[in-house]
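This report concerns only the one structure given below.
Since every read-out is calculated from the coordinates, none of them should be taken as a lab result. This is a predicted model, so every value here is computed, not measured. Cβ placement follows ideal geometry from the backbone for every residue including glycine, while neighbour counts extend to all protein chains displayed.
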Amino acid sequence: MNKNTNQHLSLPATISESDFNAVCDVLSAAKNILIASHYNPDGDTLGAALALYYFFSPEKEITLYCRDNVPYNYTFLPGSHLFTKELPDIKQFDVIALVDVGSAERVSEDLQKALERNPNARVVVIDHHPQSGDGEPSIASVIDPEAGAVGEIIYYILKKMGAEITKEIAAALYTCLHTDTGGFSYSNTSDRIMKVASELLQSGLKVNEVTYEIYENQPIAQLKLISKTLSSLELKFNGKCASIFVTQEDYKSTGANVEMTERLINFPRSIKGAEVALAFRQLKNLKEYKISLRSSGHIDVNALARLFGGGGHTHAAGCTLTGALDEVKQKIYTAVERALKN
Ligand SMILES: [Mn+2]
């Protein structure tokens, strides 16, 4: 590496220095890296992948992979068009880096199968989801559930490598931080993440330019979808659980697409007295529902989602269920009701 590595970087106590150094060493030594984001990508997984790309790409061969489209509000990030949706042959890479995800299963079925066929592939995991520990077998990993965004961990990695925080890197990482903390408002907003945000601003980054692109640049189809979805609002358990529903018909009638769904759950989440918010989204096959879960109180929605094979964080998680909407709702509501009683 050309850069002077930063020997005196002080890491948060929840990141093991030896794990961290191992990840930095593996990435430094690699020449050809596949950086994989999780499916249904959000600002964190995309910004993290792009920040690594900006830093490494002059010297290394970097391929960005994400199974699904980049949502329109992240396409302002330079390089966002470089994500390939087709998994390349993984044999050509020295390292496969998973960012904001701890298992290949949550990247794509294709990657999961490719890794099963190539057990010697060298996987690196950089994540902050609590269940990552029992995820993908890797040669090195940094998993810190105390990190509010994986972009925070990427920042430490880049600092360690002596990276100059360019405006491009700052915009990508600020996107990670801002979106995963709900604009620095959720419980994962910490002293340490604010310090990283502050350091990013020293690059000359204009935060209003980033947040304008992410939040204030909505296609009219998205507003139509919001309007449609709000009328589906359902309250249960004395208003402690608030749900909205998005069907394939809704996408058709509004002209919206699935990438415009990401923030709909903030509406039920914001209702007074709602401890659990749910967004049910019908998938294209019409037989499956993706359920996003949010908690604004003591309920651990990661535990709830895991009952159905999903996962996430304590306050934000997701799972997918098969069946008619009534059956799916019944299953989720039963679990939510039980959780509310505890
Ligand atoms: Mn994240």
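Using each residue's phi in segment 205-221, evaluate 6.51 cos²θ - 1.76 cosθ + 1.60 at θ = phi - 60° and report the 3J(HN,Hα) Karplus result to the nearest Hz, with x for Gly and Pro.
4, 9, 5, 5, 5, 6, 5, 4, 4, 6, 10, 10, 9, 7, x, 4, 4
Can you list the HN-Hα couplings for segment 328-342, worked out from phi with the Karplus curve (6.51, -1.76, 1.60; θ = phi - 60°), rounded to whole Hz and with x for Gly and Pro?
Using θ = phi - 60°, the values come out as 4, 4, 4, 4, 5, 4, 4, 5, 5, 4, 4, 5, 5, 6, 7 Hz.
What percent antiparallel are the DSSP beta bridges of the chain, to the nearest 5?
Within the chain, antiparallel bridges account for around 45 percent of the total.
In nm, to one decimal, how far is the modelled label at Asp110 from the one at His81, with both set 7 Å along Cα→Cβ?
About 2.0 nm separates the two model spin labels.
Taking R0 as 25 Å, what's the FRET efficiency between Asp19 and Glu61 from their Cβ-Cβ distance, rounded to 0.05?
0.50
When the chain is fully extended, how far beyond the present Cα-Cα distance does Leu9 get from Gln92, taking 0.36 nm per residue of separation?
Taking 0.36 nm per residue and subtracting the Cα distance, the gain is 26.6 nm.
For segment 17-214, what is one quarter of the convex hull surface built on the Cα atoms, given in nm²?
Its average projected convex-hull area is 10.0 nm².
Could you bin all the Cα-Cα distances of the chain into 10 Å bins starting at 0 and give me the percent of pairs in each, rounded to whole numbers?
5, 26, 34, 24, 9, 1, 0
Going 7 Å from the Cα of Leu286 along its beta-carbon direction, which residues of segment 303-323 have the amide nitrogen within less than 17 Å of the resulting point?
Label zone hits: 322-323.
Tally Lys and Arg at +1 and Asp and Glu at -1 over the other residues with C-beta under 13 Å from the C-beta of Lys228: what net charge comes out?
+1
Fewest Cβ neighbours within 10 Å first, please rank Arg269, Arg192 accordingly.
Arranged by neighbour count, lowest to highest, Arg269, Arg192 become Arg192, Arg269.
Taking amide hydrogens as modeled 1.01 Å from N in the peptide plane, which residues meet the under 5 Å criterion relative to Val95, leaving out close sequence neighbours?
Sorted by chain and number, the residues that satisfy this are Asn32, Leu34.
Restricting to segment 74-167, what percent of DSSP beta bridges are antiparallel, rounded to 5?
0 percent
Pick out, from Ser198, Leu115, Ala256, the residue whose Cα sits farthest towards the positive end of the charge dipole of the chain, with +1 on the Cβ of Lys and Arg and -1 on the Cβ of Asp and Glu.
Ranked along the dipole, the leading option is Ala256.
DSSP loop (so not H, G, I, E, B), at most 16 other Cβ within 10 Å: list which chymotrypsin sites (Phe, Trp or Tyr not before Pro) in segment 47-144 pass both filters.
Within segment 47-144, the qualifying chymotrypsin sites (Phe, Trp or Tyr not before Pro) (loop, at most 16 other Cβ atoms within 10 Å) are Phe76.
List every residue whose amide H lies under 5 Å from the amide H of Val246, counting only residues 5 or more places away in sequence or on a different chain, with H placed 1.01 Å from N in the peptide plane.
Phe280, Arg281, Gln282
Starting from the 7 Å offset along Cα-to-Cβ, what nm value, one decimal, do you get for the label separation of Glu327 and Glu209?
5.2 nm
Step through the residues of segment 11-23 one at a time and calculate ³J(HN,Hα) from phi using the Karplus curve (6.51 cos²θ - 1.76 cosθ + 1.60, θ = phi - 60°), rounding each to whole Hz and writing x for Gly and Pro.
Per residue, the Karplus-derived 3J(HN,Hα) values read 8, x, 4, 7, 9, 6, 4, 6, 4, 4, 5, 4, 5 Hz.
Between Asn257 and Glu146, what is the label-to-label distance in nm when each label sits 7 Å out along the Cα-to-Cβ direction?
4.0 nm
Take the Cα atoms of segment 180-257, build their convex hull, and give its volume per residue in Å³.
Convex hull volume per residue, Cα atoms: 121 Å³.
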